[in-house]
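Enquirer: This is the structure I have questions about; it appears just below.
The values are calculated or read from the model by the stated rules, or taken from the named source; none is laboratory data. Small disclaimer: the values here were computed from a predicted structure and weren't measured. Quick reminder, even Gly has a Cβ in these numbers, built from the backbone with ideal geometry, and neighbours come from all protein chains shown. Accessible surface is based on the protein model in full, side chains and every heavy atom, while ligands, DNA and RNA are left aside. Shrake-Rupley method; radii C 1.70, N 1.55, O 1.52, S 1.80 Å.
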Amino acid sequence: MAQALPWKTAWVTGASTGIGRDIVLQLAAAGVKVAASARSPEKLAALGPGIVTIPLDVTDASACLAVADRVESELGAIDLVVFGAGTYAPVTIDSIDPKLFAHTMNTNYMGVVNCLAAVAPRMMARGSGHISWIASVAGFMGLPKAAAYGPTKAALINLAECLEPEMRLKGVRISVINPGFVATPLTAQNDFEMPFLMQPDEAARRSIAGLAAGRFEIAYPWRFVAILRALRALPYPLFFRLITRFVLKAT
Ligand SMILES: NC(=O)c1ccc[n+]([C@@H]2O[C@H](COP(=O)([O-])OP(=O)(O)OC[C@H]3O[C@@H](n4cnc5c(N)ncnc54)[C@H](OP(=O)(O)O)[C@@H]3O)[C@@H](O)[C@H]2O)c1
């Protein structure tokens, strides 16, 4: 990455594979000191030298706090976090399993809240820092098969909007990253053609560029984002007709 980045120390969750992994590698290549967390120590070890790897299950709030403490004691004050830990499983109307819904909400939403609680007080006390998390374009609207996943991502977008004004006044920046389809282990299970599919290194590049530019929302690829936003603005009868015709029958 040619551009000099505005952070010295970063902590990334969901860092063992996919988008989070590439964000870690690109930040480290640009000279940022990076701590990387996910549950699997083996996958984290594959990130290679120069990256501090700290296994973590983000559903454990006290473990999130302990990891944030450890990152600061080993690398210094954290000035960027990217919370990317996430899970996805498709849902059909024949298999509404409350345990899956709770697991998805606990990982995707409460996982971010747990990590947020671990870093926000120290950043506000310092009057600086940048907190971001990965939501999704799936949070823009309800989509077939996303009944467990979509609400967690809508909640993450809403959470970012709730916090931005107050956090900004305390000197802390909030950003939400909304990717479209990215080719990672998470989407490998999809048995339909994913429009505008992007590679994870490109998703990471766009995420970091948006963060460095200080954008509140970083959404890509822009063509897919524009289509989804236009769809969302339609009256519900037309919205559901188009979803049924172009999405339900394709998934
Ligand atoms: N791929 C897409 O098309 C897409 C689109 C929009 C948004 N997103 C979001 O982007 C983020 C990254 O997804 P990805 O596509 O890169 O998927 P991925 O390759 O499956 O990465 C998910 C990461 O989260 C970690 N993780 C899962 N549960 C965890 C837990 N309880 N505690 C800590 N870490 C946990 C996984 O590592 P361990 O299993 O080792 O814990 C892994 O590092 C997710 O939030 C996802 O929802 C993805």
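Enquirer: Just the residues that are among the β-branched types (Val, Ile, Thr) and open to solvent by 30 Å² or more (accessible area, probe 1.4 Å), please, taken from the stretch 45-64.
Expert: Val52, Thr53, Thr59
Enquirer: Something else about it: All but one of (1) out of contact with any helix residue (DSSP H, G or I) (no Cβ under 6 Å at 6 or more places or on another chain); (2) surrounded by fewer than 14 Cβ atoms within 10 Å (Cβ to Cβ) hold for Phe192, so report the exception by its number.
Expert: So Phe192 meets the others, but not (1).
Enquirer: List the number of the failed condition for Glu42; all other conditions in (1) open to solvent by 60 Å² or more (accessible area, probe 1.4 Å); (2) free of Cβ contacts under 8 Å to residues at least 24 places away in the same chain; (3) part of a helix (DSSP H, G or I); (4) more than 14 Å from the ligand (Cβ to nearest atom) hold.
Expert: Glu42 satisfies every listed condition except (4).
Enquirer: Now for a different question. Is there any pair with a first residue in the stretch 108-123 that is more than 15 Å from Ala160 (Cβ to Cβ) and of a type in the set (A, V, I, L, M, F, W, C) and a second that is part of a helix (DSSP H, G or I) and more than 13 Å from the ligand (Cβ to nearest atom) whose Cβ atoms are under 6 Å apart and which are 6 or more apart or on different chains, and what are they?
Expert: Correct list of pairs: Ala118/Leu65; Ala118/Ala68.
Enquirer: Phe192 - would you say it is hydrophobic (A, V, I, L, M, F, W, C), out of contact with any strand residue (DSSP E or B) (no Cβ under 8 Å at 6 or more places or on another chain), on the phi < 0 side of the Ramachandran plot and not in a loop (DSSP other than H, G, I, E, B)?
Expert: no
Enquirer: Moving to a separate point now. Please pick out the residue among Ala35, Ala68, Ala15 that is at pLDDT 95 or above, outside any helix (DSSP H, G or I), within 18 Å of the chain's Cα centre (by Cα) and away from the ligand (no atom under 12 Å from the Cβ).
Expert: Selected residue: Ala35, the only one of Ala35, Ala68, Ala15 that is at pLDDT 95 or above, outside any helix (DSSP H, G or I), within 18 Å of the chain's Cα centre (by Cα) and away from the ligand (no atom under 12 Å from the Cβ).
Enquirer: Only residues that are more than 16 Å from the ligand (Cβ to nearest atom), part of a helix (DSSP H, G or I) and either closer than 21 Å to His103 by Cα or open to solvent by 30 Å² or more (accessible area, probe 1.4 Å) (or both): list them for the stretch 124-179, please.
Expert: Scanning the stretch 124-179 gives Met124, Ala125, Arg126, Glu161, Cys162, Leu163, Glu164, Pro165, Glu166, Arg168, Leu169.
Enquirer: Say whether the condition of being crowded, with 16+ Cβ neighbours inside 10 Å and outside any loop (DSSP other than H, G, I, E, B) is met by at least one residue in the stretch 85-97.
Expert: For the stretch 85-97, residues crowded, with 16+ Cβ neighbours inside 10 Å and outside any loop (DSSP other than H, G, I, E, B): absent.
Enquirer: Suppose we keep only residues that are among the polar types (S, T, N, Q) and in contact with a Pro (Cβ under 8 Å, 6 or more places away or on another chain) within the stretch 180-205. Which one would you say is nearest to the ligand (Cβ to nearest atom)?
Expert: Once the filter is applied, the top-ranked residue is Thr184.
Enquirer: Among (1) closer than 30 Å to Val247 by Cβ; (2) touching a Ser or Thr at 6+ places or on another chain (Cβ under 8 Å); (3) of a type outside the set (D, E, K, R), where does Pro41 come up short?
Expert: (1)
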